[in-house]
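Structure, as structure tokens:
The values are calculated or read from the model by the stated rules, or taken from the named source; none is laboratory data. These figures come from a predicted structure and were not determined experimentally. A quick note on method: Cβ atoms are made from the backbone with ideal geometry, for glycine too, and the neighbour counts reach across all protein chains shown.
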Amino acid sequence: MFEKLPTPTIFAHRGASAHAPENTLAAFELAVRQYADAIELDVKLSADGEMVVFHDQTLERTTNGSGWIHEHSLAALKELDAGCSFDVTFCDERIPTLAEVFESVGQKTYINIELTNYRSPRDTLPEKVVTLIEQYSLAERVFFSSFNPIALRRAHKLLPQIPLGLLALSGIGGAWARSALGRSIPYQALHPALSDVTPRLIHKQHQHGCRIHAYTVNHPEDMARLFAWKIDGIFTDDPLLARGILDKLPKPEGDA
Ligand code: G3P
Ligand code: MG
């Protein structure tokens, strides 16, 4: 499906999370209205094995709940408010399931599904996500990413036609992923931290026929620099801002 994405791709990181509460239906729907090319979301399992879209391992930062998300059932998570702490106008927002996101925007955009089973790297998250993708016939509209190579391998085994993005931690922690060692994972895109992106790293990925998508790029100067370096995509909380920066750049020769 990467061939369907424009270059550079503007990924709405956790949805249009600068303007709506992250990883909520409001943020994903806003990203579509703001002409993001694709959205990025974080999925993990609740205590009763349901696929929920949520970034942190704990509930405090973005909800009125507390404790570990993996210790709460879906029913308990659905009681929580996931929007008020962002802005009172979003107090109706709830933690969505992956199925709810698919229903809401699955046919309207492309989706980077980050498999975030980092606390339980061998759980059944990849298998469950693959089953849901098939149920919603979204194999042409999604791709996987993760810092967890086990999850990527398992998803790839089940649906090899879906591209993989290998996430690299910033600095020394992500060195293996950015090096030739990372290529033991059959990825088609490297996802490095903004601070690690150089023209050389971009060139290296392109030489291997891979795309490179950087996270998380929220400042106009960084956007302009990465676009000029021919990055293939950026994850940004503010797709509207990124679109404005991209539109102001000189168009490559041959483009209308
Ligand atoms: O996928 C890019 C980015 O989302 C990875 O980091 O922590 O925001 O999920 P994080
Ligand atoms: Mg993420």
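Taking first residues from segment 235-255 that are small (Gly, Ala, Ser) and partners that are at pLDDT 95 or above and not in a loop (DSSP other than H, G, I, E, B), the Cβ contacts under 6 Å between residues at least 6 apart in sequence or on separate chains come to Ala242/Ile10; Ala242/Met223; Ala242/Thr236. Filtered by the rule that a residue be in contact with a Gly (Cβ under 7 Å, 6 or more places away or on another chain) and closer than 16 Å to Arg61 by Cβ, segment 7-38 gives Pro21, Glu22, Asn23, Thr24, Ala27. Restricting segment 110-150 to residues that are away from ligand 1 (no atom under 11 Å from the Cβ) and of a type in the set (Asp, Glu) leaves a set whose member that is farthest from Gly67 (Cα to Cα) is Glu140. When segment 121-135 is filtered for residues that are within 21 Å of Arg183 (Cα to Cα) and part of a helix (DSSP H, G or I), only Pro126 remains. In segment 48-69, what residues are surrounded by 15 or more Cβ atoms within 10 Å (Cβ to Cβ) and not β-branched (Val, Ile, Thr)? Of everything in segment 48-69, those that are surrounded by 15 or more Cβ atoms within 10 Å (Cβ to Cβ) and not β-branched (Val, Ile, Thr) turn out to be Glu50, Met51, Phe54, His55, Asp56, Leu59, Gly65.
Taking each residue of segment 145-156 that is of a type in the set (Lys, Arg) and looking for partners that are part of a strand (DSSP E or B) with beta-carbon atoms closer than 6 Å, six or more apart or interchain, yields nothing. Any residue in segment 173-182 that is of a type in the set (A, V, I, L, M, F, W, C), within 16 Å of ligand 2 (Cβ to nearest atom) and under 28 Å from Lys108 (Cβ atoms)? No, every residue in segment 173-182 fails to be of a type in the set (A, V, I, L, M, F, W, C), within 16 Å of ligand 2 (Cβ to nearest atom) and under 28 Å from Lys108 (Cβ atoms).
Considering segment 208-243, and only residues there that are part of a loop (DSSP other than H, G, I, E, B) and of a type in the set (S, T, N, Q), the residue that is nearest to ligand 1 (Cβ to nearest atom) turns out to be Thr216.
In this structure, Thr7 does not satisfy being of a type in the set (S, T, N, Q) and either within 16 Å of ligand 2 (Cβ to nearest atom) or over 29 Å from Cys210 (Cα atoms) (or both).
Residue check: Thr9 meets all listed conditions (1) among the β-branched types (Val, Ile, Thr); (2) under 18 Å from the mean Cα position of the chain (by Cα); (3) within 16 Å of ligand 1 (Cβ to nearest atom); (4) closer than 23 Å to Glu127 by Cα but one, namely (4). Taken over segment 2-22, the criterion of being touching a residue at least 24 places away in the same chain (Cβ under 8 Å) and surrounded by fewer than 19 Cβ atoms within 10 Å (Cβ to Cβ) is satisfied by Phe2, Lys4, Pro6, Thr7.
Give me a count of the residues in segment 97-151 that are among the acidic types (Asp, Glu) and within 16 Å of ligand 2 (Cβ to nearest atom). Number of matching residues: 1. Taking residues in segment 161-175 that are touching a residue at least 12 places away in the same chain (Cβ under 8 Å), and partners anywhere that are within 11 Å of ligand 1 (Cβ to nearest atom) and part of a loop (DSSP other than H, G, I, E, B), the pairs with Cβ atoms closer than 8 Å and at least 6 places apart or on different chains are Leu167/Phe147; Ala168/Phe147; Ala168/Pro192; Leu169/Phe147; Ser170/Pro192; Gly174/Ala168; Gly174/Pro192.
Residues are listed down the side, and each one gets a yes or a no for (1) in contact with an Asp or Glu (Cβ under 7 Å, 6 or more places away or on another chain); (2) touching a residue at least 60 places away in the same chain (Cβ under 8 Å); (3) not hydrophobic (A, V, I, L, M, F, W, C):
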| position | (1), (2), (3) |
| --- | --- |
| Ala36 | no, yes, no |
| Leu41 | yes, yes, no |
| Leu77 | no, no, no |
| Leu80 | no, no, no |
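Within segment 82-101, the residues that satisfy the criterion of being free of Cβ contacts under 8 Å to residues at least 24 places away in the same chain and either surrounded by 16 or more Cβ atoms within 10 Å (Cβ to Cβ) or farther than 27 Å from Leu132 by Cα (or both) are Cys84, Val88, Thr89, Cys91.
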